[in-house]
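Here's the structure, in structure tokens; my notes come after.
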Amino acid sequence: TTSMPLWAMILAAIFLKEPITAKKVLGIAAGASGALLLVLGSGNTDSTGGHSVAGDLLVLFAQLSYALYFVLYKNFVTRYSLTTIMKWMFTFATLCILPFTGRDLLSTDWQALSAAAIGSLAFIVVGSTFLSYMLIIVGQKNLRPTVAGMYNYIQPLVATLAAVCWGMETFDPTKICSVLLIFSGVYLVTTSRSRADAEKSRLQPESPRKRQ
């Protein structure tokens, strides 16, 4: 799952002609290292399950598709309002998933759910889904695809901080190193040279001292 920003950088170079710089590559490597260190160092990985190549390929394909969405729909999301994009995206998503979930929705005894269960569902729908996708579109409108993709590494960081707050994990030197790597990677990619910067420096006239 840490391959998403790497795919975004490669696809942005192919379709949007964004330059692949050493600073950008270093930032992605630092972010990926921090995310992997955070996940592998948590001690919660399940070693009893079997290894599935098909599952790994599906996850890889999902990250590639997500990166492709970030790159190809960059110009699309800038042309329409946030409300319009969210309205049609969730409408078509509902229609696509309804054949697979309709039976469960009809057979669920909604009145038997506790207040805690309803609150959890509301948080998933409103917070983890609607609000997060809305902010993703805001990021797509204002950031380069590679920069927006780098924030994918914040997910394990937030999960770890939540686990520490609830007493499920402890904050050790490994997690501190992971946090530093993730934020350093995001900073390097954010401050890396963009296509606009490269074109601007190419069009800028050379100073007389530099010509001498």
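Readers should treat all values here as calculations from the given coordinates under stated rules, not as data from a laboratory. Quantities reported herein were computed from a predicted structural model and do not represent experimental measurements. In this analysis, Cβ positions are derived from the backbone assuming ideal geometry, glycine residues included, and neighbour counts consider all displayed protein chains.
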Cα-only Rg/Rh for segment 134-197 with Kirkwood Rh rounds to 1.08
Given the chain, longest segment not containing exposed loop chymotrypsin sites (Phe, Trp or Tyr not before Pro) (DSSP; at most 16 other Cβ within 10 Å): 81-165
Around residue 18, which amide H atoms from residues at least 5 apart in sequence, or from another chain, sit under 5 Å from its own amide H, with H modelled in the peptide plane? 13
Student exercise, the chain dipole from Lys, Arg, Asp, Glu Cβ charges, in Debye to nearest 20: 1400 debye
Which whole-Hz ³J(HN,Hα) couplings does segment 28-35 yield from phi under the Karplus relation 6.51 cos²θ - 1.76 cosθ + 1.60, θ = phi - 60°, glycine and proline marked x? 5, 5, 5, x, 5, 4, x, 5
Compute the orientation-averaged projected area for the chain from the convex hull of its Cα atoms and round it to one decimal in nm². 17.4 nm²
Within the set 23/74; 17/87; 87/175; 141/175; 24/74, which residue pairs have Cα atoms separated by over 28 Å? 17/87; 87/175; 141/175
A correct Karplus calculation of ³J(HN,Hα) over segment 153-169, with 6.51 cos²θ - 1.76 cosθ + 1.60, θ = phi - 60°, whole Hz and x for Gly and Pro, returns 6, 6, 4, x, 5, 5, 4, 5, 4, 5, 5, 5, 5, 8, x, 7, 9
Just to check I understand the Karplus step: with θ = phi - 60° and J = 6.51 cos²θ - 1.76 cosθ + 1.60, what whole-Hz values come out for segment 21-27, glycine and proline as x? 9, 5, 5, 5, 4, 5, x
Report the one residue of 116, 92, 59 whose Cα lies farthest in the direction of the positive end of the charge dipole of segment 49-142 (charges on C-beta: Lys and Arg +1, Asp and Glu -1; origin at the Cα centre). 92
